[in-house]
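Here is the structure we will look at, set down as C-alpha cells.
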Amino acid sequence: MTWALLITAFVISTCGLIYELIAGTVASYLLGDSVTQFSTIIGVYLFFMGVGSFLSKYVEKNIILTFVQVELLVGLVGGSSATILFFMFEYVENFRILLYSLVGIIGVLIGIEIPLLMRILKGQLEFKDLVSKVFTFDYVGALLASLVFPLVLVPYLGLVRSSFLFGIFNVLVAIWTLHLFRKEIPWLNSMRTIAFTLVVGLTLGFAFSEKLVKMAETTSYHEHIIYSKSSPYQRIVITGGKRFKLFLNGNLQFNSQDEYRYHEALIHPALGSLPEAKKVLILGGGDGMAAREILKYPQVESITLVDLDPALTNLFSKQKLFIELNQDSLNSPRVKVINKDAFVWLRHCKQKFDLVVVDFPDPSNFSLGKLYTDTFYRQVKKVVNPDSLVVIQSTSPYFARNSFWCVVSTLESVGFKTIPYHAYVPSFGDWGYIIAWEGGASDSAGFQFGHHYPSGLKYVSKDSVASMLDFPADMKPSVREVNKLNNQSLVHLFEAEWDEYAETF
Amino acid sequence: MPKPSDSDDTRIKRSTFLKGLIGLAIAGGTGKFLYDRYNTLAHVPVRLLGPSMDFGHMVRDGSLKLDPNAPVSKKVKVLIIGGGIAGLSAGWWLKKEGIEDFMLLELEGKTGGNSASGENRVSAYPRGAHYIPLANAESTYVRMLFQELGIIETVDATGIATYNDLYLCHDPEERLFKDGSFQEGLVPNRGLRPEEKAEIERFFKVIVDYRNRRGSDGKPAFAIPLDLSSRDEEFLALDKMSMEQWLKQNNFSARPLLWYVDYCTRDDYGAKPADVSAWAGIHYFAGRRGRAANAEQNAVVTWPQGNGFVVQKLTEKLASHITTDACVFHIESKADAVRTAYIDRKSRKTFLIEADHLIFACPRFILPRVLKQDASKKSIDLDYVKEVVYPPWMVANITLRSLPPARGIARAWDNVCYLSDSLGYVVATHQNISTRLSSPTVITYYYPLADRRPDNGRMALYRADPEDWKESIVEDLMRMHPTIDRYIESIELWPWGHGMVSPGLGYIWGDTRQKLLQDLDRIVFAHSDMSGISNFEESQYRGVEAAIKVKAQLS
C-alpha cells in the first residue's frame, strides 16, 4: 500500500516533468529561440506548482477523491497538451497566452498532487520517513523523465504521441488509486467510468496522432478547403467558394479573382508579337489558364502542354468549376496534354515550336531550381527556331530581385537575348517575366512588340506593355549570377531574399 | 483514516477473475495493434545479395579440376580475366589499337567488379564505386575516355575541359549531420572552438602546399595515377608512417579534424588512419588537381548507378568479346601459350581457352587459387599475395517512399553523420531533373568494417543475420533522420568480403607492390591492387598499361 503510493509519486513526477519538457520543445519549434522558451516555461511551471501546493491546503474533505480528480485532469490536459498547442498555433491570436495558461494549469495540478499524496500517506509513515521517501521518488522520477525525453520519446514517438502516452500513465495512476481505496471513495463508479473513457480517448489519440498532425497542417490555409488531394508528385489544395485559390505544396499558384492578370501578362506580350505562330509548347501550366489565353489566337494550330501531374490536369479538364475558369481549354482539339517530366520530355523532343511558355513553380527548393539552370535552357533552345520566342515566369523582381536577374543572366549565358518585364498581380505582388529569343547574328535591331492582341483582354494592351518594361531602381540587381546545376545559385539567392521578407512581415 | 484492507476478499471472486481476463485480453490486443502499427520496420523486406561466393569458394577449395584430356574450346590472341574497370579498360584499349581477337571472362552475371550497380523500379543505384573526380592533367587515359563518352564535351586550347553538366554532381553536393543539424560540406564547421577552426585551416594549408609541390625530378609530389608521382625521398618517407602518426607528428589533435581524416581514410581505403600509410592518406587530399571550365576544383562526376554508368558504356563497346558467368579455376602458363579453363556457372560446362597472352584483371588474392604451377620447374613464390589487404564492406541500398525530413540544410548527394561508424549515404536520384518535389528514391549506405582486422570483419560480415544488419543500419540512419523507418520500402544488402585494396604502411612504395607489378611469363596483370589505392583512375590506368604491354609483345 505504502509502496504503491510511493510508486505513484514516482509516476506523477515523471509525467509532470515530461509535460514541462513537451511544452518547452513545442514552443521552441513553433516560436524559435529555445533558450527563452525553455527558461520561461520552466519558470512559469515551477511557479504554478507553488500555487498548486498553496491551494492544496484548502482541500479538506475527500482528499483521495480530489487526488483522483486531479490525476484525471492532469491526464486529460497534459496528455493532449502537445496536440492542443500544435493545433491552436494557427488559430490563436496570441499563442503565448495559450501556451503559458496551459503550462500554468498543468503546473497547478501537479503542484496539488504531491501535498495531497503526502497527506494520504501520513497515517502510515512517520513524518521524517514520509518526507524523505516521497521526495526521493519524486526526484528519481524527474531524472528518469529528463533522460527518457530526449533519448527515447522525441526520436521514437514524437511529441504528440509522447504527451498522449504520459496522459495515459496519469489516468492509470488514478485508476489504481481508485482500486486501492475502492471502499472509501464516494461516486466510485462514475469516477471509474470517467477514467476508463479517458484511457480510451487518450489511446485513440496516441494511435491516430499522425492523422491529427496532418489535420493541423491543413488548418494553415485561411479559407475553407473545397478540394484536396495528394498525388504522387505534390499536394493539391483548392480553397475558397465562388472565388478560389489553387495551392501546390502549400504555395499559392493562382487566385481566380486576379489570375487573368498573371496569365495575360505571361502570354500576350510574346504571342501578340508572333502573328505567324502555329505551334506552341507550355511547360508546366497544368491548370490550363495559359492554354486558355493562347487559344484566343486563331493562327495557333497546336498547343503541347507538358505537365508532370495527371491529377492536376485531370482536375482542370473534368471538374465543372475549373472548366468554367479555363474555358475548357484542356479539352480543346488544339491542345495535347502530356504528363511527363518536362526536362526528360525536352531531351527526347524532336519538334520545333514558335512559342515556348515556361510556367514552373518558383525556385524555392533544389529540385525546382534545376528547372531554371543553363542546362535546362540549353534544352529549351533545341526546340525553338531563330525567330521563335520563349517566355518564362521568373518570380518577383521586387521581392527577389537578384533571383529575377539571375534567371535573366542564366538565359543570356546560353545565348538567348532577353527582354525582362513585370506586371502587378494583387495576389502575388509585382511579378516578373522574361521574353527570350535566340536571334541570328544579323538580328541587331532587337525585338519589337507586335501588339496584335485578341479582343476582350482585361489587362494587356499596347500601353500597359510599355509600362511593364520599366524597371525602377528598387528592382535592379545587386549581383548577377548564372544558375548552374552544380552551384544552384538561384535557390541560394531565392532563399535569402524571401527569408528577408518573411522576417520583416 | 481507516486502512484499506484485503483481508475480506483474499479469495478472488469468479466475476473479478473473468473481468481481469477480459481486461488482459483487451490490453494484449491493443498492445499488439499498437506494436504492429508502429513497428513498421519489422515488415520491411531485406534481401541479402552480393558477389557470388559459391563458385569462388569452390575455386578456393580446389574442388574444380580440369580434365587433362579436355580439348581446347577456343584460341585467342589475348584473354582478359575480370570485367571490372581494369579488365574493361584493357579491352577498351585493345579495341582502340585495332586488336579484335580477344575475349573477356567475367565471373558474375554482369560486368562491373567494384563498380557494380543494380536497378529497381525506382532508380538505378551503385553497389560500390559511385563517383569520379575531375581528371587531372596527367590522367590522360581518363581524359581520353571521358571525351569518348561525352563526359567531357570540349577542351579549350589551354587544356581546360568543359564537362557535361548533367554528369557533374548537382548542388548541394555534401552535408554533414553534426550537433543535431545538417551543415553544408563534410569538413566540420558547426560548433567549433577557435583553436579547432585554426587547426583545420592549418591542415588544409599543408594539403594545398603538398598539392602544388613538385619533386626534384619535376614530377608532382602526388599524382593520379600514383606511379607518375615524384620519387623524392622526402615524399616517399611518408609511406613508412601511418596517417595517425603523421597527424601526431604535425601536432594535429583537434577532434573534429581527426574525425574528418578518419572519415576520409575509411571512405577511400576502408581502414582507420592508424592502418593507412600517410602517403596514401595525404594523396587522397593532395592528389586531386582536376579543373573544369564549368565547375569548381573539387567537383566530381556521378550518375544514378554510380560508376556503373562507365561500366555500362564500356560493356556496350566490348559486348561481342565478353563472356559472363565464367568462373575461371585453372590457369597454366606454357612456353607458347596460356591455357585457361573456366566453368560456365549456368550450364556447368567447362571450357578451355588457349591464349597468346593473358591479362589477369582480378584482385591478386585469387591468383594462387587458380594458377597451376609446372611441377617440373622451380615454383614461383606467391606468398607476397598475403600481404595485400582488401577490407570488407557492407553496402546497403535502401528504397524510400521519399527522402525523410531532417534538420538543417536541404538534402544533398552525399550525406554523412559525424562520429558514425558508417560513411552515411548517397542519393541515387540526386542527378534527376524533375518538377516533382518528393518522390521515391534509393539511397546507398556505405559501411566499411574498418574497426577490426579484415578476416574478423569478413566473419562478422557474413555471420550476422540480415535482420540484424537491417536493424543496425536503420538505427544509424535514424541519427540523421529520426523518422526514416516509416519511409523505408525495402533494403538490399551487398556485402563485399574482399572490398577495395587498402594501402597499409609501406605498401605503396615498398617491396610487395613491386612484386605485384611484375609479369609472369605470358601473364600481365591489371588491377588497382597494383597501385594500392582503389579508384577509377588507378584501375583504368592498370588496365590500359597492361593492354599497351600486350600490344608491344604481340607485334
Next on the checklist: Within segment B:164-208, name every residue whose backbone N is under 12 Å away from a label modeled 7 Å from Cα of B:ALA293 along the Cβ vector.
Outcome noted: B:164
Checklist entry - Exposure proxy check: B:ILE80, A:ILE106, B:ILE322 ranked by fewest other beta carbons within 10 Å? => result B:ILE322, A:ILE106, B:ILE80
Checklist entry - Three principal axis extents, largest first, for the C-alpha atoms of chain B, in Å? => result 109, 64, 48
Next on the checklist: Are there DSSP H segments in chain A that both extend 20 Å or more along their axis (alpha-carbon positions) and score a mean Kyte-Doolittle hydropathy of at least 0.5? List them, or say none.
Outcome noted: A:2-31, A:34-55, A:63-79, A:95-121, A:127-148, A:158-180, A:188-207
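Given segment A:373-471, report the % of alpha carbon pairs whose separation exceeds 20 Å.
The share of Cα pairs beyond 20 Å in segment A:373-471 comes to 42 percent.
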Next on the checklist: I want the local charge near B:SER539. Using Cβ-Cβ distances under 12 Å, sum +1 for each Lys or Arg and -1 for each Asp or Glu among the other residues.
Outcome noted: -3
Item to check | Taking the convex hull of Cα positions in segment B:274-315, its mean projected area over all directions (nm²) | outcome: 4.9 nm²
Next on the checklist: On the Cα set of chain A, report Rg and Dmax in Å, please.
Outcome noted: 31.7, 105
Checklist entry - Where the centre of each part is set by its Cα atoms, how far does segment A:117-155 sit from segment B:431-496, in angstrom? => result 41 Å
Next on the checklist: Please compute one quarter of the surface area of the Cα convex hull for segment B:241-295 and express it in square nanometres.
Outcome noted: 4.3 nm²
Next on the checklist: I need the fraction of alpha carbon pairs in segment A:286-395 separated by more than 26 Å, rounded to a whole percent.
Outcome noted: 18 percent
Next on the checklist: I'd like the trypsin sites (Lys or Arg not before Pro) in segment A:328-361 restricted to DSSP loop residues with at most 11 other Cβ atoms within 10 Å, sorted by number.
Outcome noted: A:LYS350
Next on the checklist: Given Cβ point charges of +1 (Lys, Arg) and -1 (Asp, Glu) and nothing else, what value in debye, to the nearest 20, does the dipole of chain B about its Cα centre take?
Outcome noted: 1060 debye
Item to check | Among A:VAL154, A:VAL482, B:PHE55 - extreme Cα towards positive end, dipole of the protein assembly as shown, charges at beta-carbon | outcome: B:PHE55
Checklist entry - Per-residue HN-Hα couplings for segment B:243-259, Karplus 6.51 cos²θ - 1.76 cosθ + 1.60 at θ = phi - 60°, whole Hz, x for Gly and Pro? => result 4, 5, 4, 4, 4, 5, 4, 9, 6, 9, 9, 5, 4, x, 5, 4, 4
Next on the checklist: Quick check: the angle from helix B:536-554's long axis to the longest principal axis of chain B, C-alpha only, nearest 10 degrees?
Outcome noted: 20 degrees
Item to check | Beta bridges by DSSP in chain A, antiparallel share as percent, to the nearest 5 | outcome: 60 percent
Checklist outcome for this item: Residues whose built amide H sits under 5 Å from the amide H of B:SER534, excluding neighbours closer than 5 in sequence, are B:VAL501
Item to check | Ranked B:GLU106, B:GLU471, A:GLU60, criterion: other C-beta atoms within 10 Å, fewest first | outcome: A:GLU60, B:GLU471, B:GLU106
Item to check | Least to most buried among A:HIS263, A:HIS451 (fewest other Cβ within 10 Å first) | outcome: A:HIS451, A:HIS263
Checklist entry - Expressed as a whole number of Å, what is the distance separating the alpha-carbon centroids of segment B:38-91 and segment A:361-399? => result 48 Å
Checklist outcome for this item: For the protein assembly as shown, the convex hull over Cα atoms projects on average to an area in nm² of 56.0 nm²
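In debye, nearest 20, what is the charge dipole magnitude of segment A:302-364 about its Cα centre with +1 on Lys and Arg Cβ and -1 on Asp and Glu Cβ, if you could check?
On the way: 8 positive and 8 negative charges, 74 e Å.
Roughly 360 debye, rounded to the nearest 20.
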Item to check | Debye-sum result for segment A:255-504 in log10 I(q)/I(0), which assumes one identical scatterer on each alpha carbon, at q = 0.08, 0.12, 0.14, 0.15 Å⁻¹ | outcome: -0.28, -0.66, -0.93, -1.08
Item to check | Sparse-neighbour loop sites [chymotrypsin sites (Phe, Trp or Tyr not before Pro); segment A:377-476; at most 10 other C-beta within 10 Å; DSSP] | outcome: none
Item to check | Kirkwood Rh and Cα Rg combined as Rg over Rh, evaluated for segment B:297-365 | outcome: 1.11
Next on the checklist: Ratio of alpha-carbon Rg to the 2.2 N^0.38 Å globular estimate for segment A:2-218, to two decimals, please.
Outcome noted: 1.00
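We did not get these values from a lab; they are worked out from the coordinates using the rules stated. These figures come from a predicted structure and were not determined experimentally. Neighbour counts run over all protein chains shown; Cβ positions are idealised from the backbone, glycine included.
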